[in-house]
Amino acid sequence: MIKLLKRLDKKDIIYAIICIIFIILQVWLDLKMPDYMSEITVLVQTEGSKMQDILINGGYMVLCALGSFAFAVIAGYLAATISSNFSRNLRKEIFDKVENIDTEEVKGFSTSSLITRTTNDVTQVEMLIAIGLQLLIKAPITAIWAVTKILNKSWQWSALTGVAVVILLSVIIVLMIIVVPRFKKVQKLIDKLNGVTRENLTGIRVVRAFNAEGYQEKKFDKVNTDLTDLQLYNQKKFAIMSPVMYMIMYCLTLGIYFIGAYLIENSVLADKITVFGNMVVFSSYAMQVIMSFLMLAMIFMILPRAQVSANRINEVLDTKESIIEGTFDGKTKEVGTVEFKNVSFRYPDADEYLLRNISFKANKGETVAFIGSTGSGKSTLINLIPRFYDATDGEVLVDGVNVKDYKEEALNNKLGYVPQKAVMFNGTVNYNIAYGDNGKGEISEKKIKEAAKVAQASEFIEKMDDKYETQIAQGGTNVSGGQKQRLAIARAIARDPEIYIFDDSFSALDYKTDSVLRRELKNYTKNATSLIVAQRIGTIMNADKIIVLDSGKCVGMGTHKELLKNCEVYKKIALSQLSKEELEREQ
């Protein structure tokens, strides 16, 4: 928690200092009122007292109450401002961290967990600052100040108050020991609840198609019930605290008056009024002490969960990036070249290499394709170029420079990446095609339409009600799979990159659209390098170079005709898709 609080900016620290000053003034005024109450009590009991003196002391009490109220309002406002600013900055910092950490680190958490940490966990810390800044400062100051005022009144009353405080602390400590370990489970169950909900909403079509609503309801109900039961357990334990507090408070008041009655009865007449006044004052201060511990108890109810949340937030913020950004600005003599030099790769937790000794070079204007069975490492290989992962051994060069030396922005500006699963963002068609920063200025409307035409997307876009201003839903749920792929391809084309990376980006297209798109793309990107991962032979048969992967190894490299003659793996793939007659015509 302290580690997180160090992130408070200077402005909020100044607000916190002002807030502390107002809280101290509020406490001073609260503790001043019993003194005036004592004066009024003595004046009422003393013969010959003037009403004016009683009214003056009463007026001071009213002023103390109004001043305390004003200081409490200002302190509350400042505390709310500090907590809101802090949570805003913390959420932004977590979001930026998640944006910057690598795919490997993101997978170390889960999507649902990262959502919880950015929302619910930050809210827990925000609540602690908003409430704790006031109570955590006010409670000990009030308790210590009140104790100093009552110590010299009567040892019997002081001893009674001490016993009450010990009982209170014992109850709080026992509850903390029981409840604190369960707060970590609460946040993990919230992660699971978010995960199940997200899974259900993402796969809603499959759920309905397979009549799995009941199954999903049971799955959600189990996690929801586990969370509810755990929260009920925690709240029931904390519910014990309130009645115990009030019972001790009332018993203490009763005990003070009982002891006071005994002391008054056994004192001389001249001291009876003094003892009575002391009893009234002591009773008020004793209540202040108990209320202080009641406030601390409220903090202890919030603190454990906030501490767990703070630890979870720190786990994200303290995550070290395995991929370190370089310093090269991207200005090279070579343009549009990609080279792999003896590249091998394995995932951090894996024992075996997924890719072994891959070497090839793609020159400017060439189309290089990758094919192989499922799991052969095609997508993993091209993911090494934009540094979603770093090669374990060997070098990946773009324009003759190791990708590890590039600034991230400079490297990405050279690439036009189309992922295996087309991703659409909530916004217009224009917004989705012109998405991101290409380092060359704003993408014009003319360029957007040109990219859409090449990607064979203009036909269906023009049929939409608002054409290029048509709203695309998050995830592209209001367009088909093929339309999403064409929009994703148009997005890459609009960047006008040196190197295109297509990760099985034509799989959702029909053969006619695929053929037309590839022909148009070839003409439009003749000065750019294209790297294509594909499953269809028809998609890659005209590539300048085809690399065949099998179990992470390069088992063939050449043109379509060369591989049909020399590579048995490629020939088997080709025969599974084309007839012998078609292959013979190709040869």
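The values are calculated or read from the model by the stated rules, or taken from the named source; none is laboratory data. Here the structure is a predicted model, which means the values were calculated and not measured. Don't worry about glycine lacking a Cβ; one is built from the backbone with ideal geometry, like all the others, and counts go over all protein chains shown.
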For the stretch 407-432 the number of residues that are modelled with pLDDT under 85 and either in contact with a Cys (Cβ under 9 Å, 6 or more places away or on another chain) or closer than 13 Å to ILE493 by Cβ (or both) is 0
Counting only residues in the stretch 476-498 that are touching a residue at least 60 places away in the same chain (Cβ under 8 Å) and more than 30 Å from ASP329 (Cβ to Cβ), the one surrounded by the most Cβ atoms within 10 Å (Cβ to Cβ) is identified as GLN485
Restricting the stretch 347-366 to residues that are surrounded by 18 or more Cβ atoms within 10 Å (Cβ to Cβ) and under 39 Å from the mean Cα position of the chain (by Cα), the one nearest to LYS526 (Cα to Cα) turns out to be ILE358
Condition set touching a strand residue (DSSP E or B) at 6+ places or on another chain (Cβ under 6 Å) and among the aromatic types (Phe, Trp, Tyr), scope the stretch 495-544, selection farthest from GLN577 (Cα to Cα): answer is TYR500
- Evaluate the stretch 339-352: report whether one residue or more is outside any loop (DSSP other than H, G, I, E, B), polar (S, T, N, Q), modelled with pLDDT of 85 or more and in contact with an Asp or Glu (Cβ under 8 Å, 6 or more places away or on another chain). yes
Going through the stretch 554-573 in order, the residues found to be surrounded by 17 or more Cβ atoms within 10 Å (Cβ to Cβ) and out of contact with any Cys (no Cβ under 8 Å at 6 or more places or on another chain) are CYS554, MET557, HIS560, LEU563, LEU564, CYS567, VAL569, TYR570, ILE573
Within the stretch 11-51, restricting to residues that are modelled with pLDDT under 80 and among the polar types (S, T, N, Q), the one that is surrounded by the fewest Cβ atoms within 10 Å (Cβ to Cβ) is THR46
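Rundown of residues vs (1) within 20 Å of ARG7 (Cβ to Cβ); (2) not assigned by TED's automatic domain parsing to the domain that holds ALA310; (3) not β-branched (Val, Ile, Thr), yes/no style:
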| site | (1), (2), (3) |
| --- | --- |
| ASP121 | yes, no, yes |
| GLN124 | yes, no, yes |
| ILE129 | yes, no, no |
| GLY132 | yes, no, yes |
| THR161 | no, no, no |
| VAL166 | no, no, no |
| PHE183 | no, no, yes |
ARG205: passes all of (1) charged (D, E, K, R); (2) surrounded by fewer than 17 Cβ atoms within 10 Å (Cβ to Cβ); (3) in contact with a Ser or Thr (Cβ under 8 Å, 6 or more places away or on another chain) but (3)
Over the stretch 431-448, the set of residues surrounded by fewer than 20 Cβ atoms within 10 Å (Cβ to Cβ) and not hydroxyl-bearing (Ser, Thr, Tyr) is GLY436, ASP437, ASN438, GLY439, LYS440, GLY441, GLU442, GLU445, LYS446, LYS447
Whether any residue in the stretch 307-319 is more than 24 Å from LEU31 (Cα to Cα), surrounded by fewer than 19 Cβ atoms within 10 Å (Cβ to Cβ) and among the basic types (Lys, Arg) is what I want to check. no
Next item on the list: Answer yes or no: is there a residue in the stretch 444-460 that is in contact (Cβ under 8 Å) with a residue 60 or more places away in the chain and in a strand (DSSP E or B).
Entry: no
A careful count of residues in the stretch 362-407 that are in a helix (DSSP H, G or I) and not polar (S, T, N, Q) gives 6
Going through (1) under 29 Å from the mean Cα position of the chain (by Cα); (2) surrounded by 15 or more Cβ atoms within 10 Å (Cβ to Cβ); (3) not charged (D, E, K, R) one by one, ALA473 fails only at (2)
Any residue that is surrounded by 17 or more Cβ atoms within 10 Å (Cβ to Cβ) and at pLDDT below 80 - is there at least one of those in the stretch 124-132? yes
Among the residues of the stretch 304-338, the number that are part of a helix (DSSP H, G or I) and either of a type outside the set (Asp, Glu) or in contact with a Cys (Cβ under 6 Å, 6 or more places away or on another chain) (or both) is 13
Per the filter on the stretch 97-138, residues assigned to a helix (DSSP H, G or I), of a type outside the set (Lys, Arg) and under 16 Å from PHE388 (Cβ atoms) are VAL98, GLU99, ASN100, THR103, GLU104, GLU105, VAL106, GLY108
Selection from the stretch 254-277 of residues within 21 Å of ILE40 (Cβ to Cβ) and at pLDDT 70 or above yields ILE256, TYR257, GLY260, ALA261, LEU263, ILE264, VAL275, PHE276
query = Restricting attention to the stretch 157-167, does a residue exist that is surrounded by fewer than 16 Cβ atoms within 10 Å (Cβ to Cβ), among the β-branched types (Val, Ile, Thr), under 30 Å from LEU29 (Cβ atoms) and modelled with pLDDT under 75?
reply = no
The residue that is nearest to PHE388 (Cα to Cα), considering only those in the stretch 408-443 that are small (Gly, Ala, Ser) and not in a helix (DSSP H, G or I), is GLY416
query = Out of curiosity, is SER113 surrounded by 15 or more Cβ atoms within 10 Å (Cβ to Cβ), more than 30 Å from ILE190 (Cβ to Cβ), hydroxyl-bearing (Ser, Thr, Tyr) and out of contact with any His (no Cβ under 8 Å at 6 or more places or on another chain)?
reply = no
Residues of the stretch 208-238 being surrounded by fewer than 14 Cβ atoms within 10 Å (Cβ to Cβ) and farther than 30 Å from ILE178 by Cβ, in sequence order, are ARG208, ALA209, PHE210, ASN211, GLU213, GLY214, TYR215, GLU217, LYS218
- Does SER322 count as surrounded by 15 or more Cβ atoms within 10 Å (Cβ to Cβ), farther than 30 Å from VAL180 by Cβ and of a type in the set (Ser, Thr, Tyr)? no
Filter the stretch 461-470 for residues that are part of a loop (DSSP other than H, G, I, E, B) and modelled with pLDDT under 85; the one that is surrounded by the most Cβ atoms within 10 Å (Cβ to Cβ) is MET464
Exactly one of ILE101, ILE94, ILE137, ILE82 is within 21 Å of ILE190 (Cβ to Cβ) and among the aliphatic types (A, V, I, L, M), and that one is ILE94
